[in-house]
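Any read-out appearing in this document is the output of simple, stated calculations on the displayed coordinates, not a laboratory observation. All of these numbers come straight from a predicted model, not from anything done at the bench. Every residue, glycine among them, receives a Cβ derived from its backbone with ideal geometry; neighbour counts consider all protein chains shown.
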Amino acid sequence: EGALSGPPLPGLAGLLLSPSRGLLIFSPWLLALSPQLLRSIRSPDPIRAALITGITTTLLINANYADWWGGDCWGPRRLQELLPGLLMLSLPKGDEQAPYHAPQAGRLLAVLLTISVLIQGLGFFVYDSSWDLERGAVVSPEGEIHATADTSPMWAIGEGVLSHSLNKLLDGELQFGW
């Protein structure tokens, strides 16, 4: 089987929602911007159309990877490059007023941005790849490293990489970077 032999729907769900790799889990601020992102889909602007095409293509290709989770990493490794484009799509066009200018929406965005920063801080100060190494790779007799076909660890909420790293933090195990 080749690299692009994974089932696309579970891969797409994992890329977006997996507690151990999901883009919306590790970057929840995108949820507050979703109304503007949806408006961008209907926009006739060619730049927005190009961004949407690129983002959609990247999502579909990565959803088909047999190891959609991206190996040993913190968060949605395969989708990090989409964040600037998603942010650009969420900005209002011209004289358009962004939906997050409303007081409640602005507060929601601030809370979700804070959560996002805390999640990334947890990855920087605590993540050491031990969670991934305990669950992910299989070493062949020739010494080649292959991803396991078992994706269940990527869906474990209480035992996922976030809770594992949070427990390490609570136990006082800090380190700087990978």
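Side notes on the structure shown:
- Tensor-based shape of segment 1-128 (alpha-carbon gyration tensor, a/c under 1.5 rounded, otherwise prolate or oblate): oblate
- Database remark: amide H of K93 closer than 5 angstrom to no amide H (H placed geometrically; neighbours at sequence offset of 5 or more, or on other chains; Pro and chain starts carry no H).
- Packing rank of 104-114, 61-71, 120-130, 40-50, where each peptide gets the mean count of other beta carbons within 10 Å, highest leading: 61-71, 120-130, 104-114, 40-50
- Gained length - I157 relative to E81, 0.36 nm times residue gap less alpha-carbon distance: 24.9 nm
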